[in-house]
């Protein structure tokens with residue numbers, strides 16, 4: 001079994017898996033939507049992460065009618081949201097650690113349990 005990020009799939013295999021023409025994959029690369037790894041001989045190798053990203057691209061273009069420029073914006077926004085979620089998770093862990101050690105009383109910290117958390121510290 002290969003790791004999620006390990007580039008192991010050739011362009012022909014990926015094209016067959018996704019039922020698209022290899023030229024479509026090359027276009028996605030030219031547009032900067034996906035960046036496959038390259039072998040020493042310049043052959044494209046795709047990871048499972050790349051394949052999942054292309055599935056999202058195909059869903060956006062085929063089912064939702066988004067053009068490639070729109071797909072690029074959606075993917076950039078998704079990456080920003082993912083980064084922000086990681087930061088929120090790190091801050092939540094830090095806050096929990098601080099609360100366990102008694103540095104900030106829980107009565108002075110508010111953490112809501114929605115998909116977007118708000119943390120308020122009172123002076």
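Just to be sure I understand: if I project the alpha-carbon convex hull of the stretch 1-66 onto a plane and average over all orientations, what area do I get in nm²?
Working: hull surface 18.4 nm².
Over every viewing direction, the Cα hull of the stretch 1-66 projects on average to 4.6 nm².
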- Item | Theoretical gain in end-to-end length, residue 100 to residue 13 [0.36 nm per residue, Cα-Cα removed] | 26.2 nm
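The numbers here are math on the coordinates, done by the rules we state, and not lab data. Quick caveat: nothing in here was measured; it's all calculated off a predicted structure.
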